[in-house]
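K.L.:
Starting off with a structure, shown below.
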Amino acid sequence: MPFSIIQLMISILLFFVLFFGIGFILNMLLRMTWIMTCIYPIVVIFIVDNIPFITYFREPEEAFQTLGTNLRSLAPADITVLLSGLAGTILAGFTMKALRKRGYRMF
């Protein structure tokens, strides 16, 4: 189903804000600046692929081939939405570093 421009813009904004918020909260709680940026590829695998995660350990060749096929078949709009989520996690990391540098101990 193709995206309209409005749906695409709202999806980009939602993914950015969602993953910025999740990244900010995880960074604040765990005090590990880039934790969500490291976890984000796994989240993308869960979003893109519909096979169980344990299959990557039981049948890795088939699982990774399926993942590669699914990633190559993504539309440019889908890739843009997923990249906006990655941008949100990266910005959350930079925000945490800036807040810590300015002396906010909670962050």
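The values are calculated or read from the model by the stated rules, or taken from the named source; none is laboratory data. Owing to the predicted nature of the structure, the values given are computational and were not obtained by experimental measurement. Cβ: placed from backbone, ideal geometry, glycine included. Neighbour counts: every protein chain shown.
K.L.:
From the set of residues in region 7-51 that are polar (S, T, N, Q) and surrounded by 13 or more Cβ atoms within 10 Å (Cβ to Cβ), which is modelled with the lowest pLDDT?
P.N.:
By that ranking, first place goes to Thr33.
K.L.:
Is there any pair linking a residue in region 43-67 that is more than 23 Å from Ile22 (Cβ to Cβ) and without any contact (Cβ under 8 Å) to a residue 24 or more places away in the chain to one that is of a type in the set (A, V, I, L, M, F, W, C) and surrounded by fewer than 14 Cβ atoms within 10 Å (Cβ to Cβ), with Cβ under 6 Å and at least six apart or on different chains, and which?
P.N.:
So the pair list comes out empty.
K.L.:
In region 26-84, what residues are touching a helix residue (DSSP H, G or I) at 6+ places or on another chain (Cβ under 6 Å), over 26 Å from Ala98 (Cα atoms) and among the hydroxyl-bearing types (Ser, Thr, Tyr)?
P.N.:
Answer for region 26-84, where residues must be touching a helix residue (DSSP H, G or I) at 6+ places or on another chain (Cβ under 6 Å), over 26 Å from Ala98 (Cα atoms) and among the hydroxyl-bearing types (Ser, Thr, Tyr): Thr55, Tyr56.
K.L.:
Applying the selection to region 52-67, what residues are of a type in the set (A, V, I, L, M, F, W, C) and surrounded by 15 or more Cβ atoms within 10 Å (Cβ to Cβ)?
P.N.:
Within region 52-67, the subset of a type in the set (A, V, I, L, M, F, W, C) is 53-54, 57, 63-64, 67.
Ala63, Leu67, listed by residue number.
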